[in-house]
Amino acid sequence: MANGRRNAVLESIFDNLRLRPDGYEITSDSTPLAIHDNPYNCIAHAADDPIRWWQNAPSPHHEVYWPPVRSDGTLESLIEAFEWIGYRLSNDGAPRFGYEIVALYGTANPDGSHNWTHASKRLRDGRWTSKCGYLHDIAHDRLDSVNCPAYGTAVRFMRRSWLRMAIRWLRMKIFGIRSQSRWRLLR
């Protein structure tokens, strides 16, 4: 899979990328604030929103977006955010025809709960794709490629039907619904 582009910064953050350099490929340029007015992060990347930074708290560096769900930083709040855009909890990250799959990463708290840290999306070819902060988008063949102390590990999986999303989109176009909140009424 190696595309000849290795990145020392990525490999210093993610040991598994350094240990398996042929197991990932860089699929985009980095998105520093100086170049992009609206950078996007891993949550936006997994949610197919390449123009907004999804974050549950304000940022002094750029505008942020968070759906109208709980925003307390818990894994449950990230689950609610993905439910808002049509995902449902899944038992695993195995590929399934007709579904988009995301893996939600978290770090454990002493009480056993988790704070969310990262999201990866399964590509149709079976690999995963991740946006690494302001750095690159990467495709990686193993889910644990981006495990690290800051990101934790994949702790939940969610899936969304392509057909269901297409039907929603058609309903939205037919009925002229423009806002996400009115779109939810058509489920």
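A few remarks follow.
- Remark: F157, F14 ranked as F157, F14, counting other beta-carbon atoms within 10 Å and listing the fewest first.
- Sorted by Cβ density within 10 Å, fewest first, the residues I138, I51: I51, I138
- Placing dummy labels 7 Å off each Cα toward the beta-carbon, the span from V155 to R70 is 1.3 nm.
- A Cβ-based charge dipole, computed about the Cα centre of region 8-162 with Lys and Arg at +1 and Asp and Glu at -1, lands at about 380 debye.
- Projecting the alpha carbon convex hull of the chain along each direction and taking the average yields 11.7 nm².
- For the chain, the mean residue ellipticity at 222 nm estimated from helices alone is -6000 deg cm²/dmol, where every DSSP H run of n ≥ 4 contributes -39500 (n - 2.57) and the total is divided by all residues, rounded to the nearest 500.
- Between the listed residues V9, S90, L143, the Cα displaced farthest toward the positive end of the dipole of the chain, a dipole computed from Cβ unit charges relative to the Cα centre, is found at S90.
- Angle between the chain longest axis and helix 75-84 axis [Cα atoms, degrees, rounded to 10]: 50
- The Cα-based radius of gyration of region 39-106, divided by its Kirkwood radius, gives an Rg/Rh of 0.97.
- For the chain, the relative contact order works out to 23 percent when only alpha carbon pairs closer than 8 Å and six or more residues apart are counted.
- Full-stretch length increase - D49, W84 - with 0.36 nm per residue and alpha-carbon distance subtracted: 11.3 nm
- By the beta-carbon count within 10 Å of each Cβ, the least crowded to most crowded order of Y151, Y105, Y65, Y24, fewest first, is Y65, Y151, Y105, Y24.
- In this calculation the C-beta distance from M165 to E11 is compared with R0 = 41 Å, giving a FRET efficiency of 0.70.
Laboratory data are not the source of any read-out in this text; all were calculated from the coordinates shown. Note that the structure is a prediction, hence the values are computed from the model and not measured. No Cβ is skipped: glycine too gets one built from the backbone with ideal geometry, and neighbour counts run over all protein chains shown.
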